[in-house]
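Only one structure is covered here, and it is reproduced in the block below.
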Amino acid sequence: MPQKPAPFIRQTFTEKDINPFLPPAEQQAIRERLRKLHTGRMFTPQSKEGTIIFPGLDGGGEWGGPAVDPTTGVLYVNANEMPWILHMLDAEKTEAAENYGIAGQRLYRQHCMACHGTDRQGSGNYPSLLEVSTKYTPQTLVEFVNTGRRMMPGFQHLSTEEKNAIAVYILNLKERQEEPYEKQLSPAEKFRKLPYNISGYNKFVTATGLPAIAPPWGTLTAIDLNTGEHVWKKVLGEDERMKALGASITGTENYGGPVVTQGGLLFIAATKDGRLRAFHKRTGALLWEAPLPAPGFATPATYEVNGKQYIVIACGGGKLGTTSADSYVAFALP
């Protein structure tokens with residue numbers, strides 16, 4: 001059992017952690033829902049009743065990774081503190097004979113439901129598929145499933161028959177749902193018959209999308225790898241919606257890592273509020289910040305040209321309901 005470093009995020013979610021800035025009715029709704037769910041420390045087993053996943057399926061230290069200063073041995077890590085709820089669902093048994101409608105729904109649940117929800121309504125950071133029939137034909141949807149885009153991988157391992165069935169289901173092609181579907185099981189499919197599916201990536205939020213857990217929802221921590229001690233910890237980002245409800249310090253969910261410089265700065269964007277910030281790497285003091293055209297869900301890069309140092313960030317946005325963009329923004333001292 002590791003003793004150091006201490007956790008840089010909360011490890012549990014109980015009633016005392018319910019967001020106190022929610023209206024009383026929403027706090028009570030969260031409280032009643034929490035009592036019906038399995039909760040505890042990390043790695044609490046999944047359940048049919050629903051299990052709190054915390055620090056979350058998309059929480060704790062993020063995919064952007066930390067930054068490490070080799071001259072001091074200090075690691076800087078940003079984190080999300082957002083609980084998620086996962087339900088186990090009984091896997092549907094495959095009938096000997098299927099039509100495209102039945103097969104499409106089964107394949108959707110197997111390959112698409114975890115991201116896009118049980119009824120195609122979307123979940124977490126993943127979009128709804130309820131209106132895709134206005135944008136795609138069966139052919140173009142199959143092409144999209146083949147290639148993928150952004151966070152969605154390509155599904156070239158699926159057969160053409162399987163992708164056609166998924167298209168019939170997602171596009172709700174009633175005229176094709178009764179057509180017979182023929183599927184040849186691969187040896188791997190015959191062997192790997194899992195008894196359960198998951199309900200998808202569902203954040204624990206109110207009906208209006210506000211966090212169920214108290215702030216902060218985003219943090220930045222400096223950890224001395226030589227001693228295992230935390231050097232400093234700061235809230236990262238500002239949520240204007242929650243500030244309007246009375247929360248003075250919020251933090252936001254964040255995607256993308258920091259970069260540390262020999263000159264004493266720690267740069268990070270990553271936050272939902274769409275800003276690039278510079279912190280004093282030894283004290284954690286916020287020294288500078290600037291607005292971006294869209295959130296920079298990426299790790300900054302620093303480089304030098306003709307003796308001048310630059311910091312550049314990709315501003316893609318799009319996640320967490322933010323504006324999408326395609327800008328790269330660079331900064332430098334005058």
_Step by step: find N for region 2-113, compute 2.2 N^0.38 Å, then divide the Cα radius of gyration by it. What's the final number?_
1.50
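Take each of the peptides 222-231, 325-334, average the number of other beta-carbon atoms within 10 Å over its residues, and list them starting from the highest. Could the numbers behind the result be given before it?
Numbers: 222-231: 15.5, 325-334: 12.4.
Result, highest mean Cβ count within 10 Å first: 222-231, 325-334.
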*Among [x] 21.6, 71; [y] 32.4, 110; [z] 22.8, 71, find the value of Rg and Dmax of the Cα atoms in Å that was calculated from the structure presented, and write down its label.*
[z]
*Which is farthest toward the positive dipole end of the chain among A165, F8, A207, measuring Cα position about the Cα centre, with Cβ charges +1 (Lys, Arg) and -1 (Asp, Glu)?*
F8
*Which order do the peptides 206-214, 154-162 take when ranked by the mean count of other beta-carbon atoms within 10 Å per residue, highest first?*
206-214, 154-162
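Quick one: compute the contact order of the chain, relative version, from alpha carbon pairs under 8 angstrom and 6+ residues apart, as a percent. Numbers along the way, then the final one.
On the way: 699 pairs, mean separation 57.1, N = 334.
Over the chain, the number comes to 17 percent.
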*asked:* If I take every Cα pair under 8 Å that is 6 or more residues apart in region 88-198, average their sequence separation and divide by the length, what percent do I get for the relative contact order?
replied: 43
*What GluC sites (Glu not before Pro) in region 43-105 are in a loop by DSSP, with at most 12 other Cβ atoms within 10 Å of the Cβ?*
E49, E92, E95
*For the chain, find the longest principal axis of its Cα atoms and tell me its angle to the long axis of helix 100-111, 0 to 90°, nearest 10.*
30
*Would you kindly work out the equivalent ellipsoid of region 40-92 from its C-alpha gyration tensor and give its semi-axes, the square roots of five times the eigenvalues, largest first in whole Å?*
33, 10, 8
_Given the options Y255, G318, G284, identify the residue whose Cα lies farthest towards the positive end of the charge dipole of region 236-334 (+1 on Cβ of Lys, Arg; -1 on Cβ of Asp, Glu)._
G284
*Can you give the angle from 0 to 90° between the axis of helix 160-170 and the longest principal axis of the chain, with both taken from C-alpha atoms, to the nearest 10?*
80
*For the charge dipole of region 88-198, defined by +1 on Lys and Arg C-beta atoms and -1 on Asp and Glu C-beta atoms about the Cα centroid, which residue among L141, N99, G122 has the Cα displaced farthest towards the positive pole?*
G122
*Would you calculate, for the chain, the mean residue ellipticity at 222 nm contributed by helices, counting each DSSP H stretch of 4 or more residues as -39,500 (n - 2.57) and dividing by all residues, to the nearest 500?*
-4500 deg cm²/dmol
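Given a cut-off of under 8 Å on Cα pairs at least six residues apart, what relative contact order in percent is computed for region 221-274?
Details: 67 pairs, mean separation 14.6, N = 54.
The normalised contact order for region 221-274 reaches 27 percent.
Run the dipole for region 25-90 about the Cα centre, Lys and Arg Cβ at +1, Asp and Glu Cβ at -1, nothing else charged, and hand back the magnitude in debye, nearest 20.
It works out to roughly 360 debye.
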*Which of the aspartates and glutamates could be linked to K163 by a straight reach, that is with a Cα gap under 14 Å, when you skip same-chain ones fewer than 8 residues away?*
E143, E182
_Computed Kirkwood radius, in angstrom, where 1/r is averaged over Cα pairs of region 152-309_ = 20.6
*Placing +1 at every Lys and Arg Cβ and -1 at every Asp and Glu Cβ, with all other atoms neutral, what dipole size does the chain have around its Cα centre, in debye to the nearest 20?*
580
*Expressed as an acute angle from 0 to 90° and rounded to the nearest 10, what is the orientation of the C-alpha long axis of helix 24-35 relative to the principal long axis of the chain?*
60
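In this model, which of K4/K243; K135/K203; K233/K281; K135/K319; K4/K203 are farther than 23 Å apart at the alpha-carbon? Walk me through the intermediate numbers first.
Values: K4/K243 34 Å; K135/K203 27 Å; K233/K281 11 Å; K135/K319 20 Å; K4/K203 29 Å.
Checking Cα-Cα distances, K4/K243; K135/K203; K4/K203 exceed 23 Å.
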_Shape box of region 88-198 [Cα atoms, principal axes, largest first, Å]_ = 34, 31, 23
_Cleavage-rule hits, chymotrypsin sites (Phe, Trp or Tyr not before Pro), region 10-68, DSSP coil, Cβ neighbours within 10 Å at most 15_ = F43, W63
*asked:* Using the alpha carbons of region 236-303, what is the convex hull volume per residue in cubic angstrom, as a whole number?
replied: 88
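How big is the charge dipole of region 88-198 about its Cα centre, in debye rounded to the nearest 20, if each Lys and Arg gets +1 on its Cβ and each Asp and Glu gets -1 on its Cβ? Walk me through the numbers before you get to the answer.
On the way: 14 positive and 14 negative charges, 82 e Å.
Using only the charged Cβ atoms, the result is roughly 400 debye.
All of the numbers you see were taken from the coordinates with simple rules; none came from a lab. As the structure is a prediction and not an experimental result, all values here were calculated from the model. Every residue, glycine as well, gets a Cβ built from its backbone with ideal geometry; the counts of neighbours run over all protein chains shown.
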